[in-house]
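S.K.: The structure that follows is given in the form of structure tokens.
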Amino acid sequence: MLKEGIKGTGEVVVTEALTAKTMGSGELDVYATPAMIALMEQTAYQSVGSELEEGMGTVGTLMNVQHLAASPVGMKISCETELVEVDGRRLVFSVSASDEKGLIGKGTHERFIVDNAKFQSKADAKLQ
């Protein structure tokens, strides 16, 4: 049973592949906002994964974050998430990311619990 208070942590080092220039979200060699969001999502879903029933997973449905500061290639990024609300299948997380000098991003992230096989089947049906 999922309860508020579950925390997660994640970490990545900024590489050329994670820059705004490479990811197409800007022109500079700094940590890309889409990369930060991906780290936040990954940290959130991994934090609750072991608490779910077999065959169940979560999918992201809402991300509301601010990217507050730039981080250069080579800098370590740390992410922290906390499950702050459980409303049936809806999960709301507080998310934040920091580099070695301080906070670079913060906000909220919403996920829904799904049956993985049913969800994939429904998505695949769009190809029919």
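The values are calculated or read from the model by the stated rules, or taken from the named source; none is laboratory data. As the structure is a computational prediction, the values presented were derived from the model and not from experiment. Every residue, glycine among them, receives a Cβ derived from its backbone with ideal geometry; neighbour counts consider all protein chains shown. These accessible areas exclude ligands, DNA and RNA; they are computed on the full protein's heavy atoms, side chains included. Shrake-Rupley method; radii C 1.70, N 1.55, O 1.52, S 1.80 Å.
S.K.: Can you work out the base-10 log of I(q)/I(0) for the chain at q = 0.14, 0.21 1/Å, using the Debye formula on its C-alpha atoms alone?
M.R.: So the normalised log intensities are -0.65, -1.10.
S.K.: Moving on to the next point. Over the range 26-97, with a single point scatterer placed on each C-alpha, what log10 of the ratio I(q)/I(0) does the Debye formula yield at q = 0.27 1/Å?
M.R.: For the requested q values the scattering log ratios are -1.36.
S.K.: Given charges of +1 on the Cβ of Lys and Arg and -1 on the Cβ of Asp and Glu, with all other atoms neutral, how large is the dipole of the chain about its Cα centre, in debye to the nearest 20?
M.R.: I would put it at about 240 debye.
S.K.: When ligands, DNA and RNA are left out and all protein chains stay put, how many square angstrom of accessible area per residue does the range 7-128 have with a 1.4 Å probe?
M.R.: 59 Å²
S.K.: Could you work out what % of the accessible surface of the chain is carbon and sulfur, using a 1.4 angstrom probe and leaving DNA, RNA and ligands out of the count?
M.R.: Carbon and sulfur atoms account for 50 percent of the accessible area of the chain.
S.K.: Can you give the calculated 222 nm mean residue ellipticity of the chain, where each DSSP H run of n ≥ 4 adds -39,500 (n - 2.57) and the sum is split over every residue, rounded to the nearest 500 deg cm²/dmol?
M.R.: -7000 deg cm²/dmol
S.K.: Going Cα to Cα from LYS126, which aspartates and glutamates come in below 20 Å? Please leave out same-chain ones fewer than 8 positions away.
M.R.: Excluding near neighbours in sequence, the set is ASP115.
S.K.: Just to confirm the number: angle between the C-alpha axis of helix 33-49 and the first principal axis of the chain, 0 to 90 degrees, nearest 10?
M.R.: Helix 33-49 sits at roughly 40 degrees to that axis.
S.K.: May I ask you to list the aspartates and glutamates whose Cα is less than 17 Å away from that of LYS106, ignoring any residue fewer than eight positions away on the same chain?
M.R.: Filter leaves GLU11, GLU41, GLU80, GLU82, GLU85.
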